[in-house]
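Remarks on the structure that follows.
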Amino acid sequence: MSEIDSYHHECIGIVLCPSRDEIVRGNNTHRNIPLYLLKEDSFDADSWQAKKGDLLLSGGSGESAALRVSIPEAILFFTHEQKSEPIAEVVHAYWTEREVVVFCDGYARLGWSPQDRIEFWLAEHLVAFVLTEYPELFGKWRGNVPLKRDGSICRLPTLAEKEMW
């Protein structure tokens with residue numbers, strides 16, 4: 001069981017990570033990472049912490065390591081005038097060194113390059129995806145600054161994926 005299953009959530013997207021290495025140890029077929037919308041606070045989670053409305057790429061134990069994208073903070077950060085790099089309140093990776101190497105290998109095949117911090121590159125893709133696919137939920141925070149990423153690494157989940165995750 002994944003840690004995400006302890007909290008009310010919805011799978012709203014899938015992100016492909018075509019890494020040559022196992023993303024989840026012992027499961028060399030897992031390359032589709034679920035994107036969850038958290039429906040309740042999870043400040044007592046062991047693998048990650050997030051608030052209601054945040055995005056979580058993966059679900060912790062039982063799945064690949066998680067990346068939390070705070071909503072609306074990330075949308076405000078990426079679509080309004082930026083004065084600094086995003087901080088942990090906006091994007092937070094719960095990855096080990098081994099896991100980040102595996103993720104970087106996969107996302108390099110989709111356009112990521114080492115001059116970009118991987119967690120911010122992913123977060124901007126996720127923000128672009130939810131603004132495009134769920135404008136009624138997320139569009140109210142959108143500013144006028146164009147995004148550098150287009151969300152093309154993401155897709156909507158199938159019905160089977162929504163039920164599985």
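The values are calculated or read from the model by the stated rules, or taken from the named source; none is laboratory data. Not measured: the values here are computed from a predicted model. Here Cβ is always computed from backbone atoms with ideal geometry, including for glycine, and neighbour counts include all displayed protein chains. Accessible surface is based on the protein model in full, side chains and every heavy atom, while ligands, DNA and RNA are left aside. Shrake-Rupley method; radii C 1.70, N 1.55, O 1.52, S 1.80 Å.
Points worth noting:
- Solvent-accessible area, 1.4 Å probe, carbon plus sulfur percent, for the range 40-165: 53
- Assigned charges on the beta-carbon of Lys, Arg, Asp, Glu; the range 34-165 dipole about Cα centre (debye): 360
- Summing +1 for each Lys or Arg and -1 for each Asp or Glu among the other residues whose beta-carbon sits under 11 angstrom from that of Leu156 gives 0.
- Under 5 Å between amide hydrogens, built in the peptide plane, is the criterion, and for His9 it picks out Lys39 among residues at least 5 positions away or on other chains.
- Average accessible surface area per residue within the range 43-165, 1.4 Å rolling probe, Å²: 51
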